[in-house]
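First up is the structure itself, then whatever we jot down about it.
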Amino acid sequence: MSMATASNAGMRESGMLKWLWLSLLAIVLDQVSKLAIAGNMQLHESIPLLPYFNLTYVHNTGAAFSFLSEAGGWQRWFFAALAVMISVILSLWLARLQKHETLLAVALALVLGGAVGNLIDRLLYGYVIDFLDVFYGAWHWPAFNVADSAITLGVALLLAESWGFGGKPKDGVN
């Protein structure tokens with residue numbers, strides 16, 4: 001067996017690519033929810049659900065918080081390329097994790113699923129479909145979607161893992 005083959009076999013044995021199911025779940029939930037919103041609501045329509053929460057159908061051509069949404073169109077390809085690069089990096093990182101790094105694997109899988117969910121929108125439509133609207137009085141948090149929620153949860157778990165949560169092996173082996 002060649003050194004490269006042995007290395008790849010070791011990566012498969014110890015890697016956490018089994019968590020890609022979570023990425024796929026985030027992508028499916030994201031895309032199904034966006035199709036349901038786009039198919040059943042008019043753009044900018046808002047449906048009150050709870051005292052501080054609406055479904056509000058909007059298009060976001062920018063990034064988080066509509067950053068660069070009025071930039072003239074180049075941002076579509078910039079954010080798409082950025083999402084592809086991040087997805088490759090996260091996939092490689094996930095593949096190299098050890099079996100005990102479960103929290104980190106879950107976190108990376110969620111961020112990856114969210115990034116791909118929004119990438120699909122950018123490539124298909126040129127914008128991201130957002131619809132979750134949290135507000136208080138006249139103040140509205142920027143609308144978001146399931147992919148954004150997966151990214152946010154993934155980043156929170158990454159922070160938790162970096163602060164020592166996540167079960168380091170007791171014998172000190174990495």
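The values are calculated or read from the model by the stated rules, or taken from the named source; none is laboratory data. What you are looking at is a predicted structure, and each value in this text was computed from that prediction instead of being measured. A quick note on method: Cβ atoms are made from the backbone with ideal geometry, for glycine too, and the neighbour counts reach across all protein chains shown.
Restricting the search to region 123-134, which residues are over 23 Å from Phe78 (Cβ atoms) and surrounded by fewer than 16 Cβ atoms within 10 Å (Cβ to Cβ)? Please lay out each step first, then the result.
Let us first name the residues in region 123-134 that are over 23 Å from Phe78 (Cβ atoms), namely 131-134.
Across region 123-134, the qualifying residue is only Val134.
For region 17-26, state whether one or more residues are at pLDDT 95 or above and not in a helix (DSSP H, G or I).
The answer is no, given that none of the residues of region 17-26 is at pLDDT 95 or above and not in a helix (DSSP H, G or I).
Looking at Phe144, Phe67, Phe79 in this structure, which one is at pLDDT below 90, aromatic (Phe, Trp, Tyr) and under 15 Å from the mean Cα position of the chain (by Cα)?
Numbers: Phe144 fails: at pLDDT below 90; Phe67 fails: under 15 Å from the mean Cα position of the chain (by Cα).
Within the list Phe144, Phe67, Phe79, the selection yields Phe79.
Restricting the first residue to region 49-60 and requiring it to be under 15 Å from Ala138 (Cα atoms) and modelled with pLDDT of 95 or more, which pairs with a second residue that is hydroxyl-bearing (Ser, Thr, Tyr) and surrounded by 13 or more Cβ atoms within 10 Å (Cβ to Cβ) meet a Cβ separation below 9 Å and a spacing of at least six or different chains?
Asn54/Ser46; Thr56/Ser46
Taking Arg96, is it of a type in the set (Lys, Arg) and either crowded, with 18+ Cβ neighbours inside 10 Å or within 16 Å of Ser33 (Cβ to Cβ) (or both)?
Numbers: of a type in the set (Lys, Arg): yes; either crowded, with 18+ Cβ neighbours inside 10 Å or within 16 Å of Ser33 (Cβ to Cβ) (or both): no.
Criteria not met by Arg96.
Among the residues of region 124-155, count how many are touching a residue at least 40 places away in the same chain (Cβ under 8 Å) and part of a helix (DSSP H, G or I).
Number satisfying all stated conditions: 9.
Only one of (1) at pLDDT 90 or above; (2) out of contact with any Pro (no Cβ under 8 Å at 6 or more places or on another chain); (3) surrounded by 12 or more Cβ atoms within 10 Å (Cβ to Cβ) fails for Val84. Which number is that?
Here Val84 meets the rest and fails (1).
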